[in-house]
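The values are calculated or read from the model by the stated rules, or taken from the named source; none is laboratory data. Keep in mind that what you see is a predicted model, and the values were worked out from it rather than measured. Cβ: placed from backbone, ideal geometry, glycine included. Neighbour counts: every protein chain shown. Accessible surface areas use protein heavy atoms only, side chains included; no ligands, DNA or RNA. Shrake-Rupley method; radii C 1.70, N 1.55, O 1.52, S 1.80 Å.
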Amino acid sequence: MHAILKDFLDKWVYPTGFTGPGVDFRLRQTERCLPLWDKLVLQALKAAETDLASGSDEYKAARARGGYAAEGPFMSLKQMSTQILSVSTDQQPKYIDLQRMRARQIWDEVKHGQLHADVMLRGGFIKREEELMDDPRANTQPKLSYFGMTAMFPHIHPLARAGQHYYNESMACLGITATLSVIDDDLIRHQLHSQSAEELMHFMEGKYQIDAYALTPEDQKPIEEVFDFLLRPWAPEPSRALGGAA
Amino acid sequence: MCYVVCREIEINAVVVAPSSQHFLEIDERCTYPGCTVCLMYCPAEGSIVETKTGRSMVPPPQEVWTENKRWPRVP
Amino acid sequence: MPASPSAKPRAALAAQLLQQSEQEAAVTPMDAVIEFARAGKFTNDHCFRLLARLWTLKRMLYYVYGGWAQGINLNDYPPGVAYLFGKQTYDESTQEMQYCDEILRRRLVPTQRALFAHPYGQFAIATRTGAYIFCLRALANYPHHIRIAALNLGAKVIELSWTERFAKLLPDESLCAVFHSQLAETRSHILMGRHQVEQYIHKDIDIELAKRLCVETKRDYLFFLEETARFVLGMAAEKAGEVTVQADID
Ligand code: SF4
Ligand SMILES: [Fe+2]
Ligand SMILES: [Fe+2]
């Protein structure tokens with residue numbers, strides 16, 4: 001196991017505030033995630049090294065466009081608002097904190113879109129953010145099925161999103177750490193540093209939702225099915241922003 | 001995450017501060033070191049500090065997440 | 001009139017909506033609450049009623065903002081519009097939490113769960129609160145810049161006005177602080193509303209729609225305030241004779 005993953009596990013995954021079936025369920029799912037998290041770290045390191053060795057600045061723009069496509073303002077508004085709507089009014093006493101977390105995440109992720117736009121602007125790749133909106137590379141979501149799945153959660157279960165939070169937001173954290181360990185470019189580092197605490201927050205939300213709320217087989221099932229999906233061999237690749245190909 | 005966690009365990013020690021920045025504040029209702037549960041869900045390294053010792057509680061030191069410090073959840 | 005109004009009529013529209021809303025904001029049912037509090041008659045129970053009704057409205061806004069956000073597609077607007085709306089969504093959520101926290105801090109209920117269960121914190125469909133939330137939810141049927149005109153240059157102007165007065169005039173200092181802390185956010189929503197009306201209202205029909213929807217939204221908001229003030233002060237709800245009967249419209 002790579003040291004970056006081990007450090008992440010020791011600091012953020014294993015410390016546990018609750019006991020009970022939610023925690024047990026999470027730790028079982030964690031075992032399933034480990035090989036892919038490890039692979040992600042290696043991929044991100046390799047991609048960062050390749051980018052550095054490319055001898056051109058184009059990789060910065062490619063990363064920023066990829067990031068913008070995944071978490072630009074429009075994409076973020078759409079994706080995170082589905083979560084707000086996944087709690088019915090009669091469930092609000094139980095799950096209002098999911099809506100609060102998602103309202104906050106809308107704001108986090110639209111800011112992340114701005115960070116990618118900043119790389120493009122300050123790197124001299126564009127003059128105005130609006131130019132990005134004419135570029136299909138900055139607006140093609142990395143995997144439609146992943147985002148479409150988020151959009152289906154209001155029709156599935158308010159906790160289903162916890163699977164994406166746990167599995168994918170952790171990848172964002174790992175990808176950021178791995179990339180920062182290689183790339184020395186100020187623009188890229190600024191973008192990654194600026195969003196790393198918030199990405200960790202999103203991962204923690206997944207961890208918390210599972211530990212605190214996923215207590216019965218009925219509540220665990222929709223989350224487990226999301227893990228099943230994400231862990232398929234054809235599962236979504238990490239975004240170009242974090243060293244993936246998409 | 002402290003505000004979400006603390007409300008869920010019904011201690012309610014974390015409040016939105018009445019200032020324009022709306023920071024989160026932990027008030028006197030916090031029962032630390034009796035309770036340490038939110039520390040395990042805080043993502044901001046170094047952001048919660050033990051007043052007595054000055055040491056950072058994030059990420060949580062080993063001894064705060066032992067079995068007897070954890071909050072039991074039953075369905 | 002030209003088919004595509006130039007910047008001037010758009011700025012004029014924003015100014016006109018703002019000015020009308022400011023006029024309507026000068027006197028609202030919330031004044032009665034302030035007078036009552038300044039007369040030293042505000043008990044814990046009045047305070048609880050006030051905070052609980054305001055909280056109930058804010059917690060229902062998740063459904064409004066969620067619905068609106070679903071209706072903003074890529075390249076409908078420049079990215080700034082999505083960015084500002086993300087901030088507004090987060091601000092409303094923060095204010096919702098703040099009301100809940102203040103109720104808990106004052107030990108008016110022991111827990112958040114108990115607040116949801118308490119009669120003061122109920123959302124009921126057949127109420128003016130319901131009508132206002134449904135009105136906002138229906139604005140999802142219109143382009144984003146038009147609904148922002150109706151909310152941010154309409155009801156929010158009225159909200160800012162009574163919040164300013166509460167922040168200044170309530171005798172309870174910590175209550176003042178709560179309202180005072182919301183002013184910067186609400187003001188910024190109004191400013192961004194003005195900006196969007198000036199930037200994106202391009203057609204004559206949009207001008208006309210913005211005016212009409214703003215009027216209806218403010219009316220429903222004022223009725224929400226009326227219901228809230230009556231509830232806080234323990235007055236009877238509106239009587240049947242006070243409303244006019246309308247035929248079905250769909
Ligand atoms: S340590 Fe416990 S009581 Fe204190 S803020 Fe965290 S969750 Fe609340
Ligand atoms: Fe992000
Ligand atoms: Fe994220």
Handout entry: Some residue of the stretch B:1-11 being hydroxyl-bearing (Ser, Thr, Tyr), away from ligand 3 (no atom under 16 Å from the Cβ) and within 24 Å of A:Gln195 (Cα to Cα)
Key = yes
Practice task
Check whether at least one residue in the stretch A:147-159 is closer than 30 Å to C:Thr94 by Cα and within 16 Å of ligand 1 (Cβ to nearest atom), and report yes or no.
Solution key: no
Problem - Residues of the stretch A:72-86 classified as away from ligand 2 (no atom under 14 Å from the Cβ), in a loop (DSSP other than H, G, I, E, B) and crowded, with 23+ Cβ neighbours inside 10 Å, total - result: 1
Practice task
Search the stretch C:138-158 for residues that are open to solvent by 10 Å² or more (accessible area, probe 1.4 Å) and pair each with any residue that is of a type in the set (Phe, Trp, Tyr) when their beta-carbon atoms are under 6 Å apart and the residues are at least 6 apart or on different chains.
Solution key: C:Ala140/C:Trp68; C:His145/C:Tyr200
Completion exercise
Of the listed residues (A:Ala47, A:Ala69, A:Ala61), the one being under 17 Å from the mean Cα position of the chain (by Cα), surrounded by 14 or more Cβ atoms within 10 Å (Cβ to Cβ) and not β-branched (Val, Ile, Thr) is A:Ala69
Practice task
State whether one or more residues within the stretch A:169-180 are in contact (Cβ under 8 Å) with a residue 24 or more places away in the chain, more than 16 Å from ligand 2 (Cβ to nearest atom), under 28 Å from A:Leu45 (Cβ atoms) and of a type outside the set (A, V, I, L, M).
Solution key: no
Practice task
Give the residue that is farthest from the other protein chains (Cβ to nearest Cβ), with candidates limited to residues of the stretch C:177-194 that are in contact with a helix residue (DSSP H, G or I) (Cβ under 7 Å, 6 or more places away or on another chain) and open to solvent by 20 Å² or more (accessible area, probe 1.4 Å).
Solution key: C:Arg194
Handout entry: Condition broken by A:Val182, with the remaining ones in (1) at pLDDT 95 or above; (2) touching a Lys or Arg at 6+ places or on another chain (Cβ under 8 Å); (3) more than 16 Å from ligand 1 (Cβ to nearest atom); (4) not hydroxyl-bearing (Ser, Thr, Tyr) satisfied
Key = (2)
Exercise for the section: Restrict the check to the stretch A:108-123 and report whether at least one residue is open to solvent by less than 10 Å² (accessible area, probe 1.4 Å), of a type outside the set (Gly, Ala, Ser) and either farther than 24 Å from A:His165 by Cα or assigned to a loop (DSSP other than H, G, I, E, B) (or both). Expected result: yes
Problem - Inter-residue pairs, beta-carbon under 7 Å, first over 18 Å from C:Leu50 (Cβ atoms) and in the stretch C:118-133, second buried (at least 17 other Cβ atoms within 10 Å of the Cβ) and not aromatic (Phe, Trp, Tyr), 6+ apart - result: C:Ala131/C:Asp220; C:Ile133/C:Met60; C:Ile133/C:Val64
Handout entry: Tally of residues being under 17 Å from A:Leu180 (Cα atoms) and out of contact with any His (no Cβ under 8 Å at 6 or more places or on another chain) across the stretch A:3-38
Key = 7
Exercise for the section: May I ask you to list the residues in the stretch B:50-75 that are surrounded by 12 or more Cβ atoms within 10 Å (Cβ to Cβ) and either within 26 Å of A:Gln220 (Cβ to Cβ) or touching a Lys or Arg at 6+ places or on another chain (Cβ under 7 Å) (or both)? Expected result: B:Pro59, B:Pro60, B:Trp65, B:Lys69, B:Arg70, B:Trp71, B:Arg73
Practice task
Mind telling me which of the residues C:Phe123, C:Phe116 ends up being closer than 20 Å to A:Pro93 by Cβ, more than 18 Å from the chain's Cα centre (by Cα), aromatic (Phe, Trp, Tyr) and within 8 Å of chain A (Cβ to nearest Cβ)?
Solution key: C:Phe116
Exercise for the section: Pick out the one residue from B:Pro43, B:Pro33 that is on the phi < 0 side of the Ramachandran plot, within 16 Å of ligand 2 (Cβ to nearest atom) and in a loop (DSSP other than H, G, I, E, B). Expected result: B:Pro43
Fill in the blank from the handout: Within the stretch C:64-113, restricting to residues that are in a helix (DSSP H, G or I) and open to solvent by 30 Å² or more (accessible area, probe 1.4 Å), the one that is farthest from A:Ser86 (Cα to Cα) is C:Arg105
Problem - Scan of the stretch A:125-159 for residues that are out of contact with any Lys or Arg (no Cβ under 8 Å at 6 or more places or on another chain) and of a type in the set (Ser, Thr, Tyr), ordered by number - result: A:Thr140, A:Ser145, A:Tyr146
Practice task
Give B:Arg7, B:Arg55, B:Arg29 a once-over and let me know the one that is more than 9 Å from ligand 1 (Cβ to nearest atom) and basic (Lys, Arg).
Solution key: B:Arg55
Completion exercise
If we keep only residues of the stretch C:195-212 that are open to solvent by 20 Å² or more (accessible area, probe 1.4 Å) and closer than 19 Å to C:Gly80 by Cβ, then the residue farthest from the chain's Cα centre (by Cα) is C:His202
Exercise for the section: Answer with yes or no whether A:Asp97 is within 16 Å of ligand 1 (Cβ to nearest atom), open to solvent by less than 40 Å² (accessible area, probe 1.4 Å) and out of contact with any His (no Cβ under 8 Å at 6 or more places or on another chain). Expected result: yes
Exercise for the section: Being of a type in the set (Ser, Thr, Tyr) and within 22 Å of A:Asn168 (Cα to Cα) is the filter here, so list the residues in the stretch A:35-71 that pass it. Expected result: A:Tyr68
Exercise for the section: For B:Arg29, state whether it is among the charged types (D, E, K, R), facing another protein chain (nearest Cβ under 7 Å) and within 21 Å of C:Thr111 (Cβ to Cβ). Expected result: no
Problem - Single residue of A:Pro93, A:Pro154, A:Pro158 found to be facing chain C (nearest Cβ under 10 Å), in contact (Cβ under 8 Å) with a residue 12 or more places away in the chain and away from ligand 3 (no atom under 16 Å from the Cβ) - result: A:Pro154
Fill in the blank from the handout: Of (1) at the interface with another protein chain (Cβ under 10 Å from one of its Cβ atoms); (2) surrounded by fewer than 21 Cβ atoms within 10 Å (Cβ to Cβ), B:Val15 fails just (2)
